[in-house]
Each structure stands twice: as structure tokens, then as C-alpha cells.
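Participant: Take this structure, written in C-alpha cells, and hold onto it; I'll ask about it next.
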Amino acid sequence: MIRGLLAPVVDWQKLALDLRTAGVPHVQASRAIGEHPGYVAQLARGEVREPKFTQGVALLNLHADKCGADRTEKLCE
């Protein structure tokens with residue numbers, strides 16, 4: 001059993017909006033993480049509050065790639 005791990009609190013709505021501001025359409029971001037075309041738009045609107053683990057990791061990696069790791073880290077505080 002792993003003890004002491006804390007999940008970061010991520011502002012998923014801000015992350016989705018940051019991707020769009022960086023020039024990544026929501027449809028493209030959704031496809032990049034293996035979700036239906038409207039998934040990241042739903043995150044941006046707050047209709048989806050938190051992604052599944054694998055989609056969340058993929059979104060964090062995509063955000064770091066497109067927006068910079070420093071900006072991604074700030075979303076995880």
C-alpha cells in the first residue's frame with residue numbers, strides 16, 4: 001500500500017481555457033487524449049469537473065507542451 005500520496009488540486013476549467021488560448025482547439029485537445037470531440041469544451045464550461053486519471057495526465061502533459069511546464073505547475077497548486 002502506498003501511503004502519503006496526495007492528489008494535486010487542478011483547475012481543469014482553466015487548463016482547458018489555457019489550451020484554447022495557446023491555439024489548441026478543444027476538438028484537437030479532446031482527440032489528443034482519446035476522448036470524444038466535445039470533451040475538453042465540456043471541461044472548459046465546467047460540465048465535466050474532473051477527468052479520469054489517464055485523461056488528466058494526458059491533459060497535463062499536453063498543457064505543459066503547449067503552455068509551458070511552469071504554467072502547468074501553477075494550475076496544480
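Participant: Kindly indicate the residue of the stretch 19-77 that is among the charged types (D, E, K, R) and assigned to a loop (DSSP other than H, G, I, E, B) and also modelled with the lowest pLDDT among those meeting that condition.
Facilitator: 77
Participant: Would you mention how many residues in the stretch 8-39 are farther than 15 Å from residue 57 by Cα and surrounded by fewer than 14 Cβ atoms within 10 Å (Cβ to Cβ)?
Facilitator: So the count comes out to 5.
Participant: How many of the residues making up the stretch 8-60 are aromatic (Phe, Trp, Tyr) and touching a helix residue (DSSP H, G or I) at 6+ places or on another chain (Cβ under 6 Å)?
Facilitator: Of the residues in that region, 2 qualify.
Participant: Collect the residues in the stretch 41-55 that are within 12 Å of residue 13 (Cα to Cα) and out of contact with any Leu (no Cβ under 7 Å at 6 or more places or on another chain), keeping them in residue-number order.
Facilitator: 41, 42, 43, 45, 46, 47, 48, 49, 50
The values are calculated or read from the model by the stated rules, or taken from the named source; none is laboratory data. Quick caveat: nothing in here was measured; it's all calculated off a predicted structure. Note: ideal-geometry Cβ built from the backbone for every residue, glycine included; neighbour counts use all protein chains shown.
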